[in-house]
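Below is one structure; the comments refer to it alone.
The values are calculated or read from the model by the stated rules, or taken from the named source; none is laboratory data. All values derive from a computational prediction rather than experimental measurement. Reconstructed Cβ throughout: ideal geometry from the backbone, glycine too, with neighbour counts over all protein chains shown.
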Amino acid sequence: MLRDVPPRDVPRTDPGPLAAYPPIFPADLQTKIFAQIRAERQRQDRIWGQQNHPPEWWLTILGEEYGEACRGHLDKTFGTGRSDDHYPDELIQVAAVAVAALESYYRKNIQKGNTDAKEAQARKEHHVQEARQKPHEPNRSDIDRKECG
């Protein structure tokens, strides 16, 4: 049976289904996690200095760190490697690398004088121009429309 769901912009008037349950974590847990991420970013900068890689390099580095987090979990779960639980440390490194990638991205765009909106608009205009210059090649939906129409 479907029930009416209010639109997202309408605030809830009831406390919600989870209100009866106590919070699982202390209120300052996020603060502690973000402090660990910040400390890891500072450690990375001390070791490597400011890094300004292209996005594909950052994604490769991030993938490597994510792989280490997966390995940390597998080692803990199946006892296939290190006996200590380094999964949380690896997740902190994943988050710190993601932050470093964002810092690099924004530094690059600030130096160019770009904003995200300007860059997105320029990409959109470029693709529209490209599409106008290319002759239209029929695809399957064009053929289906001709057959049906």
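Filter region 77-94 for residues that are modelled with pLDDT of 75 or more and surrounded by fewer than 17 Cβ atoms within 10 Å (Cβ to Cβ) and give the result.
Once the filter is applied, which keeps residues that are modelled with pLDDT of 75 or more and surrounded by fewer than 17 Cβ atoms within 10 Å (Cβ to Cβ), region 77-94 yields Thr77, Phe78, Gly79, Pro88, Asp89.
Return the pair list, or none, for Cβ contacts closer than 7 Å from residues in region 84-108 that are part of a loop (DSSP other than H, G, I, E, B) to residues that are surrounded by 15 or more Cβ atoms within 10 Å (Cβ to Cβ), at least 6 apart or on different chains.
The qualifying pairs are Asp85/Lys76; His86/Gly72.
Any residue that is at pLDDT 80 or above and closer than 21 Å to Phe34 by Cβ - is there at least one of those in region 109-132?
no
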